[in-house]
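The values are calculated or read from the model by the stated rules, or taken from the named source; none is laboratory data. Because the structure is predicted, anything quoted here is derived from the model rather than measured. Here the Cβ positions follow ideal geometry from the backbone for every residue, glycine too, while neighbour counts run over all protein chains shown.
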Amino acid sequence: MMSASRGPRPNVSTIRRRGDPVLARVARAVPADVLSAPAALAVMPVTQWALSVGRQGPGGAGAESDVAHREVSFADAVADLHRVLMDFRDREGFGRAIAAPQAGYDVRVIAAFLDGTAHTLINPTIIRKSSRRRVLWDDCFSFPEDLVRVARHVTVTVRFHDTHGRQHEWKDVPWAVSELLQHEYDHLDGILAHDIVRPLTIQPTDASPRAEAARIVHRALQRERGGFPLVEGDTPPFIVVIGVISHRVRRQLPRECELLVGDELESPSHL
């Protein structure tokens, strides 16, 4: 569950929420000549956009000229990014990674804490993806109220640099790390799970346990939204389409609906 029990400490940046213009921007890469010089990298200026400032249009897009910002050193930005992640972990007891735009920074960096070790991934690139994908209900620091159904590659290989300018390659990482890195990589390209939602579609003639569970979820979502229909047609049978489930509805679901919130393998023929 992504709900926060208390606010962040005052010495860390605020995690940006869905609708903040910075989350819709493509982050800037660190230039190759700077990467090769750690001393220059540490002092390289990085833009940090102000919190939800400026006009926001549909999907949270804002005019760049309207958004206030400040410049900080790369070293300070990376240190702050790790503090934001560890602060969230201290408060909530979970959290494995955060992308720089989630703290307002315009730079292609991911801060991760995996197996007890902190990692800084600079200019990460996914260089290989498995043909098979897995469907999961994704959540995020930036939309803590939602679970979003998306498809991710079962394994990926990621190439990146560290703060000393050294190149690394994580080959065919396991599913738990694979889906995490794909999620954070999307943030660097201004993509949220809501932008790539893979809705679950149930046909009227489907009488399987999974279909019945989906209809229970559908009715719960309708109640949460005051009865507003989520699909065309207001009387059964109709097509049920579910792409986003709130954590509040998730907590209220009966046990028979658990199969809807698990991971599912997806055949390459469906891609």
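Things to note:
- Residue match in the stretch 178-192 (condition: out of contact with any Lys or Arg (no Cβ under 6 Å at 6 or more places or on another chain), crowded, with 16+ Cβ neighbours inside 10 Å, outside the structural domain of Ala112 (by TED's automatic domain parsing) and under 21 Å from Tyr105 (Cβ atoms)): no
- Qualifying strands (runs of 3 or more DSSP E) (wholly inside the stretch 141-233; at least 2 residues being out of contact with any Gly (no Cβ under 7 Å at 6 or more places or on another chain) and in contact (Cβ under 8 Å) with a residue 60 or more places away in the chain): 146-153
- Hey, Val78 modelled with pLDDT of 95 or more, assigned to a loop (DSSP other than H, G, I, E, B) and not charged (D, E, K, R) or not: no
- Out of Arg108, Arg132, Arg128, one residue alone is modelled with pLDDT of 95 or more, among the charged types (D, E, K, R) and surrounded by fewer than 19 Cβ atoms within 10 Å (Cβ to Cβ). It is Arg128.
- Residue selected from the stretch 82-103 under the condition closer than 17 Å to His183 by Cα and in contact (Cβ under 8 Å) with a residue 60 or more places away in the chain, by the criterion surrounded by the fewest Cβ atoms within 10 Å (Cβ to Cβ): Arg96
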